[in-house]
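What follows is a single structure, written as structure tokens, with notes after it.
The values are calculated or read from the model by the stated rules, or taken from the named source; none is laboratory data. Because the structure is predicted, anything quoted here is derived from the model rather than measured. Cβ sites come from the backbone with ideal geometry, for glycine too, and all protein chains shown count toward neighbours. Please note that ligands, DNA and RNA were not included when accessible areas were found on the heavy atoms of the full protein model with its side chains. Shrake-Rupley method; radii C 1.70, N 1.55, O 1.52, S 1.80 Å.
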Amino acid sequence: MLQTLCRTGGAVLKHSQRTVPTLPVLWATQAQQRWASSLPMNTVVLFVPQQESWVVERMGRFHRILDPGLNFLIPILDKIRYVQSLKEIVIDVPEQSAVSLDNVTLQIDGVLYLRILDPFKASYGVEDPEYAVTQLAQTTMRSELGKLTLDKVFRERETLNTNIVHSINQASDAWGIRCLRYEIKDIHVPPRVKESMQMQVEAERKKRATVLESEGHKEAAINVAEGRKQAQILASEGQKAEQINNAAGEANAVLAKAEAKAKAIRLLSEALAEQNGNAAASLSVAEQYVSAFSKLAKESNTILLPSNSGDISGMVTQAMAIYGSLAKQSAKKIECVTPVTPEWAMEKSEDPAPPAQ
């Protein structure tokens, strides 16, 4: 009996495949056009494809939902009323106009991604679920755009998509449909607004360029001033070190000259204290006199000569006389400084020492 029913069902199924086209038919709505399978006929034995749900009515009332695979129905009583696809459905949201918060009219279209979670609600909750979701997406988009200005529409595009998905899911739960994603494809701005936006962008870029250029000049001036300051400080420190070194060098030179002169005077005094020292002094004075006369009239045309410039011996004698008078004065000063021993002390010092006991 079962084999007979299966053969009869297969024959009827083949006949229905010949008479009823199995290719997808075009199912159009005002919002979108998508491909959907035609309603299959009750052939007692049915094979439900994967990711599809067939809603069966018995005598005009919901009976059950056929699972993928082999299913049996009662002819005449059971009827397949709806076929729902459980795959993710992509719907193009038509372009529509919306007014932003700053009264700019925008032309926006998008793409809606949804999936049927409950075939029963999708079949009996709303007449056309996809059309209803599309219209809801359009109205929600206009509502969300009215809360944002034109600049924020471009900056907060992701936030806008999230808000639209949240609003759609709140209303589509009763329909057994879940909105997965919503993406804005294109945003068309009026030509005049686009020109003003372009001018604004150019002005903003010029402003940034001017600010950056002024900051560059400012930093350059600061660097130049700082460099000059450092240069002056280093120059003053160098000049200070140079002056200190010059002063130290001059002091050392003066000390060296003084020591050399003192040593020369000491040696000269020792030489004069020896025998024939006066003769040596006379010879030195004569040599200096002759050397001084040799330098006359080399640096200036005006010359002052003594009356007896030709009498060298007289000049030497006069110089030695001056030296002699200076030597006598120094000897007298030395005698005044030397202490004089009294006579009673000299007499006491001449007494013999007492004999030792």
Query raised in the report: For the stretch 103-203, what class follows from the C-alpha gyration tensor (a ≥ b ≥ c being the square roots of its eigenvalues): rounded when a/c is under 1.5, otherwise prolate if a/b is larger than b/c, else oblate?
Result: prolate
Query raised in the report: Considering amide H positions built from the backbone, and no H for Pro or chain starts, which residues 5 or more places from Arg64, or on another chain, come under 5 Å of its amide H?
Result: Val56
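For a quick protection proxy, order the peptides 117-124, 49-56, 217-224 by their average other-Cβ count within 10 Å, most packed first. Could you put the intermediate results ahead of the total?
Working: 117-124: 18.0, 49-56: 16.1, 217-224: 10.0.
Ranked by mean Cβ neighbours within 10 Å, highest first: 117-124, 49-56, 217-224.
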Requested in this report: Run the accessible area of the stretch 221-272 with a 1.4 Å probe and give the carbon-and-sulfur part as a rounded percent.
Outcome: 61 percent
